[in-house]
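For reference, the structure discussed in these notes is given below.
The values are calculated or read from the model by the stated rules, or taken from the named source; none is laboratory data. These figures come from a predicted structure and were not determined experimentally. Ideal geometry is used to build each Cβ from the backbone, glycine not excepted, and the neighbour counts take in all protein chains shown. Surface areas here come from the heavy atoms of the whole protein model, side chains and all, with no ligands, DNA or RNA. Shrake-Rupley method; radii C 1.70, N 1.55, O 1.52, S 1.80 Å.
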Amino acid sequence: MDFLNTPALRFLLALILAFTLWVFVSYTQNPDRSIAYDNVPVDIEGLAPGLVVIDKEGLPRVQRPEVDITVLADDETVRNVRVSDLRPFVDLTGRGPGEHNVPVNVVTTRSLRLRASAEPEYLLIRLDQEITRTVALTVETTGIVPFGFEARTPQVTSRGQPVTSVTVRGPQGRVERVAMVRARVDIDRLTANYNSPRTLEPVDANGQPIAGVTVDPATVDVLVPIISSVGLKRVPVVPSVTGVPASGSIVAGVSVSPLLVTLTGSSGPLDDAENVVTADVDITGASQTLTRTVGLILPRGTQLRFGEPTEVVVTVTIVPINRPFQVTVPASVQVIGISDGLLASLSPGIVSVTVAGSSPQLEALSSAQLLGVINVRGLGPGTYELEPTFSLPEGVTLVPPAPRVFVTLRLPPTSTPEPLATPDIDTQPTATPGTAEPAPTPTMTPTSTTP
């Protein structure tokens, strides 16, 4: 109890009672209350270079995401809070391409005693890589100039320099869909040059516009020269074919599409122009039909009318040669059917024969198929003039007259016995008077000639 009577303890108790009384009075006179702020834009922090925030369609987000903020503070503080005192933000440090659920942080821009919370507490942020590509520039013209006028090839410039391609920049998913950038011009019923700046439009392979990308330069100057045509003349297109097809093949026909084109120019060159010749179509070594797309060689002083094709399609029909050819070749001859005990000889053993057929058939003919055969079955000794027979492949025929050879059949030679030795006699035999010497008997060899 003496401790409670100490001055230090009495001072501590008085301080606690004073603080409690202050708190009671403050909350009684100035109680806490809340206030809400809707659709407050959220700042993006920590976005890595080369990344861009996109929406669910893959387009760059033009507007920042928004959240609702609730502030809790005493009545006096709440009355002094403005929406500009609150800064919600998300931190994307270390985040790459893809989708990320990121917490929303809320801070105050000046010293205020309050508590703030965001709704929603997390935001879905989509990121994509930002890339740059160079794509081709094309000019699409619409409309038709009046008869007697011609629109020439458009000329595109930017700051006085010719332009054939431009740069496209944006999210990778959008830039990769860009097939080309086009400028559209309308020359319908114009009789003078078209010259105007045009805004460029990125499109996909189907000609559909691609949003969400930027084009550099964004606009170009397009000039379409429109001139007066002095004259028009419709002339045929003549294909130029060079070379020789493969052996055994011939050109069966040549066609061109289109067959006619319209030329423009002054009366002199047009009067002299009879046709338009194509660039050469080489068929050297070709064995089947071929098709080529080639350019046109225009007569001097003329031009193609606007809209006419600058290239044509040439078709050269090549087929095998079907008419027969004749060729004379050497052929060996052999004898079969020789009777037992006989020998045979030929004269000549190789003959010349003329055969007919198509080129491929004659090229495929082998020496084994050019063998003549003579059958002497049943013939006896003698000399015969006979025709050999040939077994030729289908499609190949023997051209008359057929060759003829001489075949000789003979018996093998017989051996002659040696004469016996006789004793030497000094006296010569004397013929008996009135006795004649015997005459030799002739030997006949049969000869048969068969036509």
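Side notes on the structure shown:
- Taking the Cα centre of the chain as origin and assigning +1 to Lys and Arg Cβ atoms and -1 to Asp and Glu Cβ atoms, the resulting dipole is close to 1380 debye.
- Percent of Cα pairs in the chain per distance bin of 10 Å, from zero to the largest separation: 3, 10, 9, 9, 9, 8, 8, 8, 7, 6, 5, 4, 4, 3, 2, 1, 1, 1, 0, 0, 0, 0.
- With semi-axes defined as the square roots of five times the eigenvalues of the C-alpha gyration tensor, the equivalent ellipsoid of segment 138-180 measures 31, 15, 6 Å, largest first.
- From the largest down, segment 53-128 spans 45, 22, 18 angstrom on the principal axes of its Cα atoms.
- Rg(Cα) / (2.2 N^0.38 Å) computed for segment 305-422, rounded to two decimals: 2.00
- Computed on the Cα trace of segment 123-274, the radius of gyration divided by the Kirkwood hydrodynamic radius gives Rg/Rh = 1.17.
- Percent carbon-and-sulfur accessible area, the chain, ignoring ligands, DNA and RNA, probe 1.4 Å: 54 percent
- Tensor-based shape of segment 178-245 (alpha-carbon gyration tensor, a/c under 1.5 rounded, otherwise prolate or oblate): oblate
- For GLU274, the accessible surface of its heavy atoms amounts to roughly 120 Å² (probe 1.4 Å, protein chains only, rounded to the nearest 10).
- Per residue value of the accessible surface for segment 71-209 (all protein chains in place, 1.4 Å probe), Å²: 59 Å²
- Each Cα pair under 8 Å and six or more residues apart adds its separation to the average, and for the chain the resulting relative contact order is 9 percent.
- Taking amide H atoms as placed 1.01 Å from N in the peptide plane, the amide H of VAL139 lies under 5 Å from those of ALA183, each 5 or more residues away in sequence or on another chain.
- Linear extension gain, ASP204 paired with ARG61, 0.36 nm per residue minus alpha-carbon span: 49.4 nm
- Segment 127-213 - Rg (one decimal) and Dmax (whole number), Cα, Å: 15.5, 56
- In degrees, nearest ten, helix 7-29 long axis to first principal axis of the chain (Cα): 70 degrees
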